[in-house]
Amino acid sequence: MKLIRFVRGRNTEKRQIPIIKRIVYLPLLAVIIGIAGISFVGSRTIEDQLLHQMKENALATAVQMGERIGLQKDALDVIEEQFADKILIASRVLKDHKHEFDQVTIKRIAEQLNIGETNWFNSGGTILYSSIDQYVGWTAPADHPVSQFIKSGSDTWLEPIRKDSESDSYNKYGYVRFDNGEFVQIAIPADRVMELTEQFSYQKLLDDIVNDNEILSASIFAKDGMIMASTDSVEDAGHPSEMILHIQTGGIEKIESHIKFDAELNQNILHVYVPVILSSSESGMLALCYSMDHVERAAYVSQVQIFTIGILLVFIVAGILYLAQKRLIVAPIKALDDDMQVICPESAVVYRLPIPSKDPFLSIRKTTNTVLDKTQQYLEELICFQEELTASNEELEDTVSQLTANEEELRAQYDEIQEYVHKIKELKHRYEIAIDATKCFLWEYSLDTKRISFSDNFESIIGPKVDDYALEDIFQKAVHPDDVSGCRNEISAFTQRVNQDNQLSDEGIHLELRLKNESGDWNWYIMRGRGVDDYSGVNRLLTGVLVDITKQKEQESFIRYLADHDALTGLYSRRKFTEELQLRLDRNEIGAVILMDVDNFKVINDTSGHVYGDFVLQMVADTLKEIISKKSMIYRLGGDEFLIIVEGDIHSKDMENRFAECISGFKAKMEASCSNHHVTLSTGIVSYPDDGNTVEELLIKSDIAMYSAKRSGKNQYQFYNDSMQDQLSRKVEIEQLLRNALSQDGFELHYQPIVHTQTQELAYFEALIRLKDRSVTPDVFIDVAEESTLIEAIGKWVIIEAFSQLNKWRLSGFETKKVSINLSPRQIRVASFVEFVKEQLKVYELEGTQIEFEITENVLVENLDSVIEILHSLNELGISIALDDFGTGYSSISYLTYMPVSKIKLDKSLKDKFIHLESIKVMDSIINLAHGLKLSVVTEGVETLEEYRRLKRGGSDYIQGYLFSQSLTAAEAEGWLENNLKKPVISVQQIT
């Protein structure tokens with residue numbers, strides 16, 4: 001035992017050194033570190049306070065400087081406004097003297113207003129008048145500030161000072177635009193501007209503030225990093241390169257400051273950056289540099305004093321703490337450690353620690369002895385519990401063996417039961433699938449008890465399931481009232497047959513009825529049943545099935561609907577129309593049949609496709625439903641034709657007003673629904689029985705009236721009269737004449753000369769088609785051709801004939817003149833039109849520049865994007881495009897801004913209206929407008945010398961009319977090619 005204690009004592013001595021280190025040395029080290037940390041933090045705090053105070057002073061100075069720069073900027077803005085006002089005043093004076101403008105006037109005004117260079121430009125950027133003679137006629141290049149002002153669309157603009165591109169002098173330029181697009185450019189010499197702005201320069205401001213001894217340098221930067229003013233000769237004024245890059249890339253949005261060491265001055269420099277406003281659209285930065293030398297010296301002295309005091313405190317506190325710990329803590333711990341080493345729960349359970357009276361760890365010793373007492377008690381109880389647990393384990397093992405045997409027997413019984421349950425569920429599932437798949441109910445009716453029972457799924461209709469129901473209850477709850485009597489009669493008849501024959505009837509029952517479903521709606525069912533014996537052979541039964549036939553009924557209804565309605569629009573069909581009209585005719589009623597046809601519907605289908613065409617038809621049908629009275633019935637005849645049956649006298653004033661309101665209402669609604677196309681209706685109206693008493697006759701006459709409306713300009717209605725029959729016959733006759741002309745060489749081309757207005761020389765020919773049979777004029781047969789598909793074939797013939805004639809004149813040695821050919825809207829929309837023209841140019845060895853195509857505004861009404869694409873393709877071939885009949889249609893100026901046309905032809909009706917002296921200015925304005933759009937002008941129908949003189953003065957480029965020549969045959973046109981290429985038609989004496 002003594003040996004053990006000796007060994008333990010040796011181990012205790014070895015462990016005393018780390019205990020002393022932890023208890024004595026570590027607190028001493030913590031005190032030293034704490035005092036050193038406090039000294040360091042105190043010195044840094046003093047240094048930060050000094051630096052903070054210096055930054056506050058520097059920032060206050062910088063903010064004041066920023067405000068002064070802002071005031072400088074306001075002063076410069078006032079000077080800028082004075083220059084702008086002076087330029088505006090000068091522009092007004094120039095505008096007031098425009099009517100007497102010349103070079104002398106503009107120079108005189110420039111001298112009077114004490115301004116420099118003054119230029120008056122037209123809207124295209126060319127100088128009309130200038131205070132410098134050699135500048136007149138000069139046009140601004142695309143990258144010149146003048147061109148930038150034209151493109152900007154602004155009314156005024158003031159340039160910064162720049163070098164003049166012609167005179168190399170420096171000026172400040174201002175611009176003012178007038179209502180007609182012309183504008184003036186006024187220059188103020190730069191030396192005058194500099195005299196006013198020099199006193200507010202940034203450099204002067206910086207020189208004034210650098211007199212402060214603490215400020216080493218000051219600079220003003222632009223947003224791009226460029227130095228605008230500086231007291232330092234170095235390019236970046238000593239500022240950090242990363243700050244210069246920061247200014248160039250994004251600028252600064254708030255006051256910033258940085259400290260950087262300057263190797264050249266061998267000291268730290270405080271850089272302060274303040275955002276300033278340099279102009280209304282430009283921001284900049286003020287940068288100031290302060291010396292940090294005096295702040296760093298003061299901080300150094302404070303740090304030395306604090307560290308000296310700290311070292312003295314460390315030595316005093318460490319000595320006192322060491323002595324106190326050694327006497328009051330280290331010695332008692334060593335004694336407690338020796339006593340604790342004796343404790344051993346396995347061999348010395350009864351040992352307890354000694355209890356000295358003055359030990360500082362007395363409470364620890366008492367607590368340890370209490371723990372030892374409890375430990376000894378728990379060990380004794382644990383031994384007793386272990387013996388009892390061993391006995392209980394043996395008893396449990398016997399019980400588990402018995403339970404295991406019982407479990408195996410129960411599991412075998414359970415598996416057998418589960419197998420039966422599975423078979424029952426499988427049979428029930430198959431039964432439910434059969435019932436659900438056929439959507440039917442099984443039922444059974446007792447002829448004796450008058451009660452009926454159903455399969456489980458019937459409870460969705462009748463409610464909670466019960467064994468059986470009274471038949472009358474089912475009739476009241478589930479059967480449609482209209483079907484109750486039929487069902488009751490069918491069952492009664494079956495019962496009667498059974499009672500009479502005293503046996504079950506083989507005929508059974510079969511009927512259709514409606515049952516209420518779970519949502520309250522009615523479903524159709526077929527009820528079938530046959531008589532059977534019950535299991536006892538006593539009760540007589542009627543059993544059967546209810547099969548859902550709702551879908552079949554819906555399909556039958558839909559088939560009936562399709563027979564009477566149009567599938568696309570939902571309107572009544574032609575079959576329904578025939579039935580309804582025949583019924584009204586049989587009753588001798590009075591009314592009208594209205595036939596409506598969509599104008600230009602074939603164009604819509606050809607250009608936008610049949611899907612869009614169907615959409616248009618649906619919109620037409622919906623619009624008619626909205627505007628037509630509910631008393632009237634609307635039908636779709638087929639294609640783009642619609643029929644309406646109206647009751648009453650159609651010739652009354654009220655009825656005519658209703659027709660007019662319907663047409664205007666239809667147009668407004670269709671413009672809102674189909675904005676891509678101008679959809680209108682041509683309408684024919686017949687009355688019954690006045691105009692006919694059979695369906696076929698009324699349809700034929702309404703069709704005649706409708707086509708009369710189309711020939712009259714479309715988008716209107718016509719009442720049938722007998723003269724329309726004659727017009728239709730004439731139209732058919734002309735159409736046949738045109739077909740014969742195409743197949744039997746019945747057409748010929750004439751050529752009308754078009755001359756230069758100024759020289760009267762032949763410019764080119766317009767090709768005009770004529771029938772060799774002169775009984776039908778072009779204004780008649782062209783309309784008939786447009787209404788039919790013949791215009792496409794006629795248009796091809798004209799192109800081939802004109803190309804062929806040009807080739808003949810070329811081979812004959814004539815100087816080839818351009819030929820202008822008219823195109824119809826239908827012709828240009830043919831997909832292969834451009835390829836056809838290209839092929840004919842190749843066949844007849846012609847250049848596209850020898851051809852001009854004339855189109856009318858009607859071409860632009862439908863599918864504008866496609867038409868523009870075709871015209872551009874023709875331009876690529878070298879073919880020019882002219883807009884014919886200008887002034888007779890919409891005459892939209894917007895067309896001229898984006899259509900690829902190079903010429904407009906003023907219609908004779910427009911010339912006749914405005915050629916008179918009191919309204920000639922209208923003609924002049926139209927010609928000037930066309931010239932402003934870079935378009936040439938041809939005036940048609942010129943027949944007198946006076947008209948020619950006025951158009952010549954107005955600037956018309958070309959003249960066409962009987963004054964010079966009517967249309968000529970090809971042989972007669974050759975005479976013009978021989979004799980009038982350079983010879984005026986009218987003498988100078990006649991003109992003057």
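The values are calculated or read from the model by the stated rules, or taken from the named source; none is laboratory data. Every value quoted in this text rests on a predicted model; they were computed, and no experiment measured them. Glycine also receives a Cβ, built like all others from the backbone with ideal geometry; neighbour counts cover every protein chain displayed. For the accessible areas, the whole protein counts, side chains as well, though only heavy atoms, and no ligand, DNA or RNA atoms are used. Shrake-Rupley method; radii C 1.70, N 1.55, O 1.52, S 1.80 Å.
Results, tabulated for the structure shown:
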quantity: Selection from region 931-942 of residues that are small (Gly, Ala, Ser) and loosely packed, with under 13 Cβ neighbours inside 10 Å; calculated: GLY932
quantity: Test: LEU681 is touching a helix residue (DSSP H, G or I) at 6+ places or on another chain (Cβ under 9 Å), within 26 Å of SER866 (Cα to Cα) and either among the charged types (D, E, K, R) or at pLDDT 75 or above (or both); calculated: yes
quantity: Residues (more than 17 Å from ARG636 (Cα to Cα) and not in a strand (DSSP E or B)) located in region 684-700; calculated: PRO689, ASP690, ASP691, GLY692, ASN693, THR694, GLU697
quantity: Qualifying residues in region 124-138 (those that are in a loop (DSSP other than H, G, I, E, B) and on the phi < 0 side of the Ramachandran plot) - the one least open to solvent (accessible area, probe 1.4 Å); calculated: SER131
quantity: Any helices (runs of 4 or more DSSP H) falling wholly within region 717-821 and containing at least 3 residues that are over 50 Å from the mean Cα position of the chain (by Cα); calculated: 722-743, 790-811
quantity: Some residue of region 855-864 being surrounded by fewer than 16 Cβ atoms within 10 Å (Cβ to Cβ), of a type in the set (S, T, N, Q) and more than 21 Å from ASP779 (Cα to Cα); calculated: no
quantity: Answer from GLU801, GLU839, GLU847 - the residue that is in contact (Cβ under 8 Å) with a residue 40 or more places away in the chain, surrounded by fewer than 20 Cβ atoms within 10 Å (Cβ to Cβ) and more than 21 Å from ILE604 (Cβ to Cβ); calculated: GLU801
quantity: Residues satisfying the stated conditions in region 93-131, i.e. within 45 Å of the chain's Cα centre (by Cα) and either outside the structural domain of ALA142 (by the TED database) or touching a residue at least 40 places away in the same chain (Cβ under 8 Å) (or both); calculated: TRP120, PHE121, ASN122, SER123
quantity: Checking LEU790 against (1) open to solvent by less than 30 Å² (accessible area, probe 1.4 Å); (2) in contact with a helix residue (DSSP H, G or I) (Cβ under 9 Å, 6 or more places away or on another chain); (3) within 26 Å of SER936 (Cβ to Cβ), the condition it does not meet; calculated: (3)
quantity: Of all residues making up region 274-322, the number that are part of a strand (DSSP E or B) and free of Cβ contacts under 8 Å to residues at least 40 places away in the same chain; calculated: 0
quantity: Flag for GLY692 being modelled with pLDDT of 85 or more and touching a Leu at 6+ places or on another chain (Cβ under 6 Å); calculated: yes
quantity: Failed item in (1) in a helix (DSSP H, G or I); (2) without any contact (Cβ under 8 Å) to a residue 40 or more places away in the chain; (3) under 16 Å from VAL798 (Cα atoms), with PHE853 passing the rest; calculated: (1)
quantity: Only one of ASP745, ASP779, ASP783 that is at positive phi and either surrounded by fewer than 20 Cβ atoms within 10 Å (Cβ to Cβ) or of a type in the set (Phe, Trp, Tyr) (or both); calculated: ASP745
quantity: Pairs with Cβ under 8 Å, 6+ apart, first in region 356-371 and under 11 Å from MET340 (Cβ atoms), second in a helix (DSSP H, G or I); calculated: PHE361/PRO332; PHE361/ILE333; PHE361/LEU336; ILE364/LEU336; ARG365/LEU336; ARG365/ASP339; THR368/MET340
quantity: Single unsatisfied condition, GLU656 versus (1) buried (at least 18 other Cβ atoms within 10 Å of the Cβ); (2) under 52 Å from the mean Cα position of the chain (by Cα); calculated: (1)
quantity: SER909, sole failed condition from (1) at pLDDT 90 or above; (2) within 21 Å of GLY713 (Cβ to Cβ); (3) loosely packed, with under 15 Cβ neighbours inside 10 Å; calculated: (1)
quantity: Candidates ILE645, ILE590, ILE594 - the one that is modelled with pLDDT of 85 or more, surrounded by fewer than 17 Cβ atoms within 10 Å (Cβ to Cβ) and either within 18 Å of TYR720 (Cα to Cα) or touching a Gly at 6+ places or on another chain (Cβ under 9 Å) (or both); calculated: ILE590
quantity: Odd one out for ASP564, checked against (1) open to solvent by 60 Å² or more (accessible area, probe 1.4 Å); (2) without any contact (Cβ under 8 Å) to a residue 24 or more places away in the chain; calculated: (1)
quantity: Test: residue in region 361-372 that is within 30 Å of ILE33 (Cα to Cα) and at pLDDT below 75; calculated: yes
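Okay, residues lined up against (1) closer than 30 Å to VAL938 by Cβ; (2) touching a residue at least 24 places away in the same chain (Cβ under 8 Å):
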position: ILE704; (1), (2): no, yes
position: SER712; (1), (2): yes, no
position: SER723; (1), (2): no, no
position: SER729; (1), (2): no, no
position: ARG739; (1), (2): no, yes
position: SER743; (1), (2): no, no
position: GLU748; (1), (2): yes, yes
position: GLN752; (1), (2): yes, yes
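Let's see how each residue does on (1) assigned by the TED database to the domain that holds GLU792; (2) among the hydrophobic types (A, V, I, L, M, F, W, C):
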{"position": "MET670", "(1), (2)": "no, yes"}
{"position": "SER682", "(1), (2)": "no, no"}
{"position": "PRO689", "(1), (2)": "no, no"}
{"position": "ALA741", "(1), (2)": "yes, yes"}
{"position": "LEU749", "(1), (2)": "yes, yes"}
{"position": "VAL755", "(1), (2)": "yes, yes"}
{"position": "ALA763", "(1), (2)": "yes, yes"}
{"position": "ALA767", "(1), (2)": "yes, yes"}
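Condition check ((1) modelled with pLDDT under 90; (2) buried (at least 17 other Cβ atoms within 10 Å of the Cβ)) across all residues:
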site: THR944; (1), (2): no, no
site: LEU951; (1), (2): no, yes
site: ILE959; (1), (2): no, yes
site: TYR962; (1), (2): no, no
site: LEU968; (1), (2): no, yes
site: ALA971; (1), (2): no, no
site: GLY975; (1), (2): yes, no
site: GLU978; (1), (2): yes, no
